[in-house]
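Single-structure report; data block below.
The values are calculated or read from the model by the stated rules, or taken from the named source; none is laboratory data. These numbers were taken from a predicted model, which means no experiment stands behind them. Here the Cβ is made from the backbone with ideal geometry for all residues, glycine too, and neighbour counts use every protein chain on show. Just so you know, the surface numbers come from the protein's heavy atoms only, side chains and all, with ligands and any DNA or RNA stripped out. Shrake-Rupley method; radii C 1.70, N 1.55, O 1.52, S 1.80 Å.
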Amino acid sequence: MREEGRKMLTGELDLNRLNDRFRRVDRFILDILSVRLASGGLSDYVAENKRKSSPDGIFNKRRQEKEDDRIDNMKTWAKAIGMDPNFAASLMYQIISESCRAQDEIMIRKYREKQNTVNEENKEDVYAYQRQELIKLVSKVAAVYDKEYAKGFFGTKVYNEYEKEILDEVMDGLSDRKLAIDLGCATGIISFEIAPQFKEVIGYDISPEMIEIAESKISDSFSHVEFVNIDIEDGLNLPDNSVSLAVMNMGTASDIRNIEGVIKEL
């Protein structure tokens, strides 16, 4: 029945008429997505319900099991109608990401209304506030970072695979393997990954909670790995020409104001 309907709809259409049909279908897709994502859509209702159930108005946007179910459903439905299930999964992931962004906007707006103490005209005040919020954020997520963030996100999994491939290529051509440094090491995932190939590894992070967890994972076989709690913008205090490899991954550079200075020091 579906196949007959398709023939009836498209069999006699020339390119001009097809273009008009595409335009109308594209607009229809957008109208459907607006129910899910636009202002006043379902994402807003979800955010509002989460906010009401959170004493300070700050809530966790993600519901991992529900999101995984939605992605799996999309793959199943796509396969049933002859579409690429991977395309359907990536589309649903984009929709979920945009929904989280929309919820972010609501949460941040409510938070600013509640506690707007930053002079946004003063760049130093804004930077100090952002740095303070970053440290608060990572202290909250440190305990579940390995499970929920580093492995929980579809996009992060793909990105980690890409990073590992690039890192392996770099290390294959590396003759000097005395010291590797991991900038923004978090819980030491990359530090431990590369440790077997270097005489010494040092991981640096601005979060004491992240460093504490990283240190708790040091075993006898990783006795040459060390973790240091510093802001890398303040300098690393290492001798010139002492580092064999420097790694800065997972978007760490986006949290550094003076990235040019850090790169120059490297």
Legend entry - Residues located in the stretch 187-202, provided they are open to solvent by 10 Å² or more (accessible area, probe 1.4 Å) and closer than 20 Å to K147 by Cα: I189, I190, F192, E193
Legend entry - From the options A246, A214, residue that is within 15 Å of D182 (Cα to Cα), in contact (Cβ under 8 Å) with a residue 60 or more places away in the chain and open to solvent by less than 70 Å² (accessible area, probe 1.4 Å): A246
Inset, instruction - Output the qualifying pairs, or none if there are none: Cβ atoms under 8 angstrom, residues six or more apart or on different chains, first residue in the stretch 156-184 and over 14 Å from V247 (Cβ atoms), second residue open to solvent by 70 Å² or more (accessible area, probe 1.4 Å). - result: T156/Y149; K157/K151; K178/K199; K178/E200
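With of a type in the set (S, T, N, Q) and at pLDDT below 65 as the only criterion, which of N19, N60, N49 stands out?
Numbers: N19 fails: at pLDDT below 65; N49 fails: at pLDDT below 65.
N60 is the lone residue from the list that is of a type in the set (S, T, N, Q) and at pLDDT below 65.
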Legend entry - Where a residue in the stretch 18-47 is touching a residue at least 40 places away in the same chain (Cβ under 8 Å) and basic (K, R) and its partner, wherever it lies, is in a helix (DSSP H, G or I) and open to solvent by less than 100 Å² (accessible area, probe 1.4 Å), with Cβ under 8 Å and at least six apart: R36/L42; R36/S43; R36/I95; R36/S99
Inset, instruction - Report, ordered by the first and then the second residue, all pairs with beta carbons closer than 8 Å, sequence separation of six or more or different chains, a first member in the stretch 67-95 that is free of Cβ contacts under 8 Å to residues at least 24 places away in the same chain and hydroxyl-bearing (S, T, Y), and a second member that is buried (at least 16 other Cβ atoms within 10 Å of the Cβ) and in a helix (DSSP H, G or I). - result: T76/P85
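Matching residues to (1) in contact with a Leu (Cβ under 7 Å, 6 or more places away or on another chain); (2) of a type in the set (V, I, T):
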| position | (1), (2) |
| --- | --- |
| K157 | no, no |
| L167 | no, no |
| D182 | no, no |
| A186 | no, no |
| V201 | no, yes |
| P239 | no, no |
| S244 | yes, no |
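Among what's in the stretch 148-198 and is assigned to a helix (DSSP H, G or I) and in contact with a strand residue (DSSP E or B) (Cβ under 6 Å, 6 or more places away or on another chain), pick the residue that is farthest from E65 (Cα to Cα). Break it down stepwise before answering.
Taking the stretch 148-198 first, the residues assigned to a helix (DSSP H, G or I) are 148-149, 154-172, 189-197.
Still in the list and also in contact with a strand residue (DSSP E or B) (Cβ under 6 Å, 6 or more places away or on another chain): 190-191, 194-195.
Values: I190: 27, S191: 30, I194: 32, A195: 34 Å.
Residue satisfying both the conditions and the ranking: A195.
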